1. From the backbone phi of segment 418-429, what are the Karplus-calculated ³J(HN,Hα) couplings (6.51 cos²θ - 1.76 cosθ + 1.60, θ = phi - 60°) in whole Hz, Gly and Pro given as x?
2. What does the helix-only formula give at 222 nm for the chain: each DSSP H stretch with n ≥ 4 adding -39500 (n - 2.57), the total divided by the residues, and the result rounded to the nearest 500 deg cm²/dmol?
3. Rounded to a whole number, what % of the accessible area of segment 188-292 do carbon and sulfur atoms account for, probe 1.4 Å?
4. Can you give the local net charge around residue 216? Use residues other than it whose beta-carbon is closer than 10 angstrom to its beta-carbon, Lys and Arg +1, Asp and Glu -1.
5. Normalised by the residues of segment 364-518, what does the relative contact order come to in percent, with Cα pairs under 8 Å and at least six apart?
6. For segment 546-637, which whole-number percentage of the solvent-accessible area (1.4 Å probe, protein heavy atoms only) is attributable to carbon and sulfur atoms?
7. Provide the per residue accessible area, probe 1.4 Å, for segment 468-542, rounded to a whole number of square angstrom.
8. From a point 7 Å beyond the Cα of residue 504 in the direction of its Cβ, which residues of segment 444-470 have a backbone N at a distance under 19 Å?
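The values are calculated or read from the model by the stated rules, or taken from the named source; none is laboratory data. Because the structure is a prediction, the values reported are computed rather than measured. In this analysis, Cβ positions are derived from the backbone assuming ideal geometry, glycine residues included, and neighbour counts consider all displayed protein chains. Only protein heavy atoms, including side chains, enter the accessible area calculation; ligands, DNA and RNA are left aside. Shrake-Rupley method; radii C 1.70, N 1.55, O 1.52, S 1.80 Å.
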Amino acid sequence: MNKCASIILIILLQVSPLQSLAQRPVEKKTPPPAKPVQKNEKSDDAAAKDQKEAEMTAQQVRALNLVEQTGKEAGKLEDQRQGARLQAIAADMLWKHQRDQARQLFQDAFQLADDYYQKSQDSNQIRVSNSAYTSRGDVRIEVIRLINKNDQELGREYTEKYIASKKKQRESSQSPSNSMDRMFGSDAQASRDLLQAAMTLLDTDIKLSVGIAQRSIALGVPPNLSGFLNNLAARDLSAADNLFIFALNRLRSEQAPMAAQLLSLSAYPFGDEEIKVSDGSSSSMWGFGKPKDFKFNPALAQRYLASGLEILSKASEPAVAQMSDGSTRIETALFAAKYLTPRVTEYQPALLDSWNNLIAKITSLTADRARRNIDQDASEDARKRSERQNPSPDQTSDNLQSLIDRAKNAGDIGEKDDLYSEAALAAQQAGNTSQALDLAGNITDLTIRMKIKSWISYEASLKASKEKKLDEARRLAFDVQESDQRAYLFLEIARAALTDKDQFRVNQILDEALQQAYKADGSPAKLRSLLGLINIYLQVDKNQAFIIAENFVRPATRIPVDKFLPGKDSANLTRVMESKGRSMAMVNSVDDFNSDLVFAALAKSDFQRALTLAEGFENAPVRLSSYLAIAGTALKQ
């Protein structure tokens, strides 16, 4: 099965779209042949290179030359972000063979990435709908991750450079703050990105990973910390608990701690799968999945709540209200106090009187409108949490019927559509697909109706595939509007058929998926569909996989370079569901859609044929990224 990581974002504020960076294609260059050895005096690095090349196959020498050339070409790309990423990958691949050159490439990559961020002020936020956005990783962090993999001392040096660079970037930024900056602090993005770097090291070096996580927390507790702690706990529970306490103590030591950072820790001691933060004007959720084999630790939960009382008391002092961001701090503290009240009631009842007195104090400092919104947010969250913990079919049915009745009686068309949308999604979550689709049919806005139906059909098809109800999954997949989502569903159906060794069914499903992909308009979604099909055809018909790859390269040349990016940047399957009253985006990272992984798989089957295909890309970043993926297969042999 392919790996598929999911992030759910529900954002209720407007975000300006990022400006795309135009690119000029870099002139294609055929990879150079291996250079003859000259009989003159050489440096130690050059002599070591000659010795290693003598021990390599001709294909490996060719691959190494390809990596060298690609690293140089990457520095010339107009898209500096992609150029830096590719230089860092090339440096990582060269490290074992040409360390001095690799070190220089790492230096060039970080400098190129930093120049890009200082000039562009790119916030790494990608708008995916009118009112929802997702984030992408900071390339400087990707460079640091690869440096750490090879030289931890050098990695620490560049981590400090990154932190200094983020401070400089923040001081010179003219863009307005977003919800994360307002509620989590001005270093929130840097802290979050450092933690992502720590996450990538968990499987290879836990000690280094925890050290980088502590550096992240020193900047401020990031919103993704509970997810990191869950992953760390699966490997070393004691290390995870200690890091949790480290973060808690860091907040306790602050003179004016931010309540949102306390909520960043709220999921870990209770085994929750998400955190929620609100300041009364906007709310955000971060989801990271249910932790595996969670064991509740009463002492840890009580320590969190006792510290929470201390932290929220500091966060809501009257002096805080006088700060430039005082109203946001106070309002977030009120939400945090109300959000955590059910936990105090259940696990630390001795604190309840003090806790309620604190809520009264914060309420007196909060504007009426914000207070009403926070009350509504906190009450709704408490209700949903209770339903998840104590599911009751009767209660679910009653809530659904209440939504239907309210929709029928609503006088405003917009409100009616919102209620029918909510009811349809509630029915789908309860497992009643036919009722969900019927309810969606009552939505008067045709665009919203089609989006809701498509969302429901996608979820139902995926569920049917997992249950091996392949005919039902196929029927529902055809009702999904977006071509890349439909292709992904067909891939999942085909995989389910493969596990049953039903070759006839596999061929039938893949043929249908292929015809659907070929018919789609020339968009990035079509390219993702074709990438997924190449990947699965490599398991059943390698020649057909290469034919599809040829049909992938042709439309890829007609799509603007900023619309289809290489590697993991192409691998996101983004699903958006919007109505007048809500906006939800789900972003899945799908390995089947990762162009680097697909071209690496092609190269394992036929190195030269894959290389010839890559040479056909006019999109320079995709071409160079494919070169590195292909070369990597030879160097790993």
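1. After applying 6.51 cos²θ - 1.76 cosθ + 1.60, I find 4, 5, 5, 4, 5, 5, 4, 5, 5, 5, 5, 5 Hz.
2. -21000 deg cm²/dmol
3. On the way: 1660 of 3440 Å².
After summing per-atom areas, the C and S share lands at 48 percent.
4. 0
5. Contact order relative to length: 12 percent.
6. Answer for segment 546-637: carbon and sulfur cover 49 percent of the accessible area.
7. With the other protein chains kept in place, segment 468-542 gives 43 Å² per residue.
8. 469-470
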